[in-house]
Amino acid sequence: MSEAALEEVSVLSSIYCGGGEFQLLQQSAQDGLMVQINSTVGGERRLDVSLLFHLHPSYPSCPPAISVSSTVLSRTQCHNIRQKLLDQAAALPPEEPMVHQLVEWMQEQCVEVTDSCRGAEEDVKKEREKEEEWTAVLSLDHIRSRNRYISLLERWTQQLQLTGRLLLGRSILVILQGDRANIKEFCRLLKTVKVDVDSSGKKCKERMMKVLIERPSSSSCGHGLQGFAVKNYESLAELTAAFQEINMAEIYQQILPSLSD
């Protein structure tokens, strides 16, 4: 982890010092830094936007990974803002800290985005309703450091505006619902962040994670999960019941052969 990255995080915490503006979510030599900045943007129409920056250990030699979320903007708008930020990061001089510049650029440029939807909260709501929700079921290899692992899963689902279930038993399954791009980002985090420990107690990544199924949600596969819940099961019957409770019996039948491997 570079001194430039640590110094920048220190500066950011001083600049964004208001209540809930800045959070240092992760700091480790192996995985780098993860910071969240909650900013208000817009001209006549003020909107809250949350920015998640993952600064890899080699940062600022490489640009940060970026996620954007908002309780008001649609997923499409958040995706567009994220892409503009990534393009801007690629255009900035290499080898120099850039998070503060990106936040300032976003606050200035997003005036157009937010003012274009001035007085259109109903339009945004309708667009959200039209956006296709996806359902995915992931299989995890192991969870040894239970508290740390579950805490990270809960945090990521909140940041990525996903809902889901963690089913703990003979097979460890994660059910996710939400925007497909955010589900893919969740999977990327699983494979790039050290979320658990191996048999020797050394921190490790979830490299053995498998996506058992990924498909658009429909009335037949259940939708509308609330939050992120953890459920233990001891038998196949209890696992079956867990899927039935959330109206996902059809999905369960499709992944059942994979669980028998």
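The values are calculated or read from the model by the stated rules, or taken from the named source; none is laboratory data. Just so we're clear, the structure is a prediction, and the values are computed from it rather than from any experiment. Ideal geometry is used to build each Cβ from the backbone, glycine not excepted, and the neighbour counts take in all protein chains shown. The accessibility values were calculated without ligands, DNA or RNA, using every heavy atom of the protein model including side chains. Shrake-Rupley method; radii C 1.70, N 1.55, O 1.52, S 1.80 Å.
Solvent exposure of residue 9, expressed as accessible area, is near 10 Å², computed with a probe of 1.4 Å over the protein chains only. List the residues whose amide H sits under 5 Å from the amide H of residue 193, counting only those 5 or more places along or on another chain, with H placed 1.01 Å from N in the peptide plane. Residues meeting the amide H criterion: 206. Taking every DSSP beta bridge that has both ends in the chain, the antiparallel portion is near 90%. Simple rule: put +1 on each Lys or Arg Cβ and -1 on each Asp or Glu Cβ in the chain, find the dipole, and look at 241, 64, 35; the Cα lying farthest toward the positive end is 241.
Averaging the sequence gap over all C-alpha pairs within less than 8 Å and six or more residues apart, then dividing by the number of residues, gives the chain a relative contact order of 15 percent. Evaluating 6.51 cos²θ - 1.76 cosθ + 1.60 at θ = phi - 60° for every residue in region 48-57, the Karplus couplings come out as 8, 10, 9, 10, 10, 10, 9, 8, 5, x Hz, glycine and proline recorded as x. With the convex hull drawn around the C-alpha atoms of region 139-219, the volume per residue stands at 92 Å³.
Summary: within the chain, the longest segment free of trypsin sites (Lys or Arg not before Pro) located in DSSP loops with at most 13 other C-beta atoms within 10 Å is 47-117. When the helices of the chain are scored as -39500 (n - 2.57) per DSSP H run of n ≥ 4 and the total is divided over every residue, the value at 222 nm lands at -13000 deg cm²/dmol. The modelled label-to-label distance between residue 21 and residue 236, using points 7 Å beyond Cα along the C-beta direction, is 5.7 nm. Accessible surface for region 163-261, divided over its residues, is 51 Å² per residue with a 1.4 Å probe. Of the accessible area of the chain, computed with a 1.4 Å probe over protein heavy atoms only, carbon and sulfur atoms account for 46 percent. The label point for residue 192 and the one for residue 208, both projected 7 Å from the Cα toward the Cβ, are 2.3 nm apart.
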